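Here the structure is laid out as structure tokens; the discussion comes afterwards.
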Amino acid sequence: MLAIQNLETYYGNIRALKGISLEVPEGKIVSLIGANGAGKTTLMKTVAGVLTPRSGSITLNGKQVQGMKPHQLVKEGLALVPEGRQVLAPMTVLENLELGAYQRNDRQCIQQDIEKMFAWFPILKERVDQLAGTMSGGQQQMLAIARALMSRPKLLLLDEPSMGLAPIIVSDIFKVIRQINQEGTTVLIVEQNVRQVLKIADYGYVLESGQIVLSGEAQDLLHNDRVKDAYLGGK
Ligand code: ATP
């Protein structure tokens with residue numbers, strides 16, 4: 001589904017990604033873990049076309065997509081849920097969902113997909129006319145994910161979906177991510193909540209200072225000493 005090779009992204013003279021290579025196979029959940037400043041968000045933004053890489057390749061469904069703009073990548077089947085729950089605060093839940101489908105013109109199916117979002121996230125149905133900015137952090141995160149899904153992505157990129165949320169909401173969000181994946185969407189997810197994400201992921205990559213230092217089956221990473229010491233509090 002997604003293959004990245006030798007990707008390098010700079011901020012001015014700062015080399016934030018130093019030759020990243022990774023793969024996200026179709027139907028899987030792949031998790032990206034690493035400390036603050038490791039380059040996780042930079043990688044997600046580069047894949048989503050928000051940042052342009054200086055070198056390397058990004059292949060999505062067999063097509064080279066590096067250098068494409070975000071809206072072109074949405075057409076190619078990719079959707080990013082950025083860090084920090086970026087919903088459109090002055091718009092209602094329904095308007096946010098409709099906006100997620102702005103590149104589609106299949107009215108009937110859009111309506112069906114809105115109903116599907118309501119089934120996945122019942123709270124959004126209850127709050128359908130509420131302004132997004134007045135909802136709780138967890139509700140906004142659910143709306144941000146639902147809005148991204150409204151473009152019917154084949155590959156969903158999630159940048160720290162659990163950030164700043166209460167543990168009970170975090171487990172709800174992880175459950176829904178698993179469900180979304182089981183219904184056919186491939187997922188690449190960045191998370192600080194390493195233990196929980198490795199429990200739902202198939203595969204994981206560890207990023208340090210702009211480089212992949214370790215990768216493997218999620219189950220193996222959960223028991224890896226280096227991962228335990230650095231990201232699981234030594235347990
Ligand atoms: P976090 O979990 O804190 O978001 P991260 O792993 O996502 O961390 P990035 O935000 O991708 O890390 O940052 C990678 C490196 O690039 C860091 O050294 C950071 O200081 C630097 N960086 C990020 N954004 C910019 C920017 N706009 N200008 C210059 N340097 C930046």
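Note on the range 94-159: Kirkwood radius taken over Cα pairs, Stokes-Einstein applied at 25 °C and 0.890 mPa s, translational D equal to 205 µm² s⁻¹. The residues of the range 23-146 have, on average, 47 Å² of accessible surface per residue, using a 1.4 Å probe with all protein chains present.
What's the local net charge at G84, with K and R +1, D and E -1, over the other residues with C-beta under 12 Å away? In short, -2.
Here, the range 173-235 has an Rg and a Dmax of 12.1, 35 Å when only alpha carbons are counted.
For the range 12-99, the equivalent ellipsoid derived from the alpha-carbon gyration tensor has semi-axes of 24, 17, 14 Å in decreasing order. Its convex hull of Cα atoms gives the chain a direction-averaged projected area, equal to a quarter of the hull surface, of 12.3 nm². When the Cα positions of Q64, P90, G138 are compared along the charge dipole of the range 28-155, Q64 comes out farthest toward the positive end, with charges on each C-beta of Lys, Arg, Asp and Glu.
Net charge in the neighbourhood of E8 (other residues with Cβ under 15 Å of its Cβ; Lys, Arg +1, Asp, Glu -1) is +4.
If the Kirkwood radius is taken over C-alpha pairs of the range 99-235, then at 25 °C and 0.890 mPa s the Stokes-Einstein diffusion coefficient equals 150 µm²/s. Of K125/K228; K18/K75; K175/K228; K116/K228; K18/K175; K63/K228, which ones are farther than 31 Å apart at the Cα? Checking Cα-Cα distances, K125/K228; K116/K228; K18/K175; K63/K228 exceed 31 Å. Between the Cα long axis of helix 137-149 and the first principal axis of the chain there is an angle of about 90°, rounded to the nearest 10. Each residue of the range 215-228 was assigned a 3J(HN,Hα) from its phi angle through the Karplus curve 6.51 cos²θ - 1.76 cosθ + 1.60 (θ = phi - 60°); the sequence is 8, x, 4, 4, 4, 6, 5, 4, 9, 7, 4, 5, 5, 4 Hz, with glycine and proline shown as x.
Work through the residues other than L73 whose Cβ is under 13 Å from its Cβ and net out their charges, Lys, Arg +1 and Asp, Glu -1. Result for the local shell: +4. When the GluC sites (Glu not before Pro) in the range 108-206 are filtered for DSSP coil states and for at most 12 other beta-carbon atoms within 10 Å of their beta-carbon, the remaining sites are E183. Classified by the C-alpha gyration tensor, the range 1-40 has an oblate form. Its axis ratio a/c, with a ≥ b ≥ c, is 1.5 or above, and a/b does not exceed b/c.
From the alpha carbon centroid of the range 123-195 to that of the range 1-40 is 21 Å. Cross-link partners of K28 among aspartates and glutamates, defined as those whose alpha carbon lies under 13 angstrom from its own and excluding same-chain residues fewer than eight positions apart: E183, D202, E217. Would you please give the FRET efficiency between N105 and E83, computed as 1/(1 + (r/R0)^6) with r the Cβ-Cβ distance and R0 = 30 Å, to the nearest 0.05? For N105 and E83, the calculated efficiency is 0.50.
The values are calculated or read from the model by the stated rules, or taken from the named source; none is laboratory data. Just so we're clear, the structure is a prediction, and the values are computed from it rather than from any experiment. Cβ sites come from the backbone with ideal geometry, for glycine too, and all protein chains shown count toward neighbours. The area values use the complete protein model at the heavy-atom level, side chains included, leaving out ligands, DNA and RNA. Shrake-Rupley method; radii C 1.70, N 1.55, O 1.52, S 1.80 Å.
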